[in-house]
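The values are calculated or read from the model by the stated rules, or taken from the named source; none is laboratory data. Just so we're clear, the structure is a prediction, and the values are computed from it rather than from any experiment. Backbone-built Cβ (ideal geometry, glycine too); neighbour counts: all protein chains shown. Note: accessible area is taken over every heavy atom of the protein model, side chains too, but ligands, DNA and RNA are not part of it. Shrake-Rupley method; radii C 1.70, N 1.55, O 1.52, S 1.80 Å.
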Amino acid sequence: MASSKAFNATKGERAFDVVNYIILGLVLVITLYPFLNVLAISLNDSTDTVRGGIYIWPREFTWENYKTIFGYTSLIQGFKISILRTVIGTLLGLLSSSMLAFTLSRPDFRSRKFVSVFLAMTMYFSGGMVPVYILMRDLHLLGTFSVYILPGMVSAFNVFVIRSFIDGLPYALQESAKLDGANDFVIYYKIILPLCKPVLATIALFLAVGQWNSWFDTYLYNGNKASLTTLQYELMKILDSTQQGSAMTNANDLANQMANVSPESIKMAITIVVTLPILIVYPFLQKYFVGGMTLGAVKA
């Protein structure tokens, strides 16, 4: 009788495993299909793409869509600026947000409540596009690289997430360091930062994705500066050119190439070009991502 129950239990476990594999397989297909579909269309012949019916494999393989995009001379300059602003913006954003979060986490900081309320208000109220543009103009940031970095150095959301993570650390660590003669900078650099790797990696991913995908600030502040153009802004212009059926004034050589491609194919190729760098970076930060969000986002 006991052996029969054990056999039935084993069959139930196997059935449970089979159901799990089926569900996980369906989730995997649902998750990967949109990306594979975009990749297949971007690698398919443009004239054939108009017919439709492309799913996860290109029907007529070609590199022409990518050749058209990278044939644009300003794309390389935009790629350099995008990488530069992503690296610098992420590093400075992490530094400024973590320093402010460390300050707000200190019980001996008398203005912590006022600064916290002031930061929280920025999450709900905004001056709008015109006042921000006037502010950038008065600060002489128009037409400069700094306009990509300075406005986004401090984010209230990022500060609160990092502060919540620091609040969860034993304050006795800081007190012990003070007894050993460490000042606030030493405590921040040698104790707080190493312990905050999970939440810092999470915030770094947020900052990097935001900087990499940003193009509207280029349009507003540096639209006429070819030396400060970004990859996303150039790709947006290429996509806009294909959709309107006319070439840009400074890209006559691109006009002939775009005559043989469809907006749908160019759109998918642009999506892959923009997404691929983030997909490469994400696996290196993934192990910190879940821990950073769960430990730093909520504190009772």
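Note down the magnitude of the dipole of region 18-149 about its Cα centre, charges +1 on Lys and Arg C-beta and -1 on Asp and Glu C-beta and zero elsewhere, to the nearest 20 debye. Spell out each step's value before the answer.
Numbers: 10 positive and 6 negative charges, 124 e Å.
For this selection, approximately 600 debye.
Among K80, K113, the order of accessible area from largest down is K113, K80, computed with a 1.4 Å probe on protein heavy atoms.
Membrane-span-like helices in the chain (whole DSSP H runs, Cα extent of at least 30 Å along the helix axis, mean Kyte-Doolittle hydropathy of at least 0.5): 2-42, 74-105, 263-297.
Pairs over the 28 Å Cα-Cα cut-off, from the set K225/K267; K197/K225; K80/K190: K197/K225; K80/K190.
Each peptide in 17-23, 182-188 gets a packing score, the mean of other Cβ atoms within 10 Å over its residues, and the list from highest to lowest is 182-188, 17-23.
In the chain, taking the dipole from charged Cβ atoms about the Cα centre, the farthest positive-side position among N44, I272, V161 is held by V161.
With K and R counted +1 and D and E -1, the other residues having a Cβ less than 14 Å from that of D48 yield a net charge of -2. This model, with +1 at the C-beta of Lys and Arg and -1 at the C-beta of Asp and Glu, gives the chain a dipole about its Cα centre of some 780 debye. Within the shell defined by Cβ-Cβ distances under 10 Å, the residues around G78 carry a net charge of +1, with Lys and Arg each +1 and Asp and Glu each -1.
When ranked by the protection proxy of mean other Cβ atoms within 10 Å per residue, highest first, what sequence do the peptides 55-65, 125-135 form? Display every interim value, and only then the final one.
Details: 55-65: 14.8, 125-135: 10.5.
Listed from highest to lowest mean packing, they are 55-65, 125-135.
For Kirkwood radius over Cα pairs in Å, the candidate list reads (1) 23.2; (2) 22.1; (3) 19.6; the entry that matches the value derived from this model is (1). Sorting 271-281, 41-51, 155-165 by average packing, meaning the other beta carbons within 10 Å per residue, from highest down gives 155-165, 41-51, 271-281. With runs of 4+ DSSP H residues as the only contributors, calculate the mean residue ellipticity of the chain at 222 nm using -39,500 (n - 2.57) per run, divided by the residue total and rounded to the nearest 500. Value at 222 nm, helices only: -22500 deg cm²/dmol.
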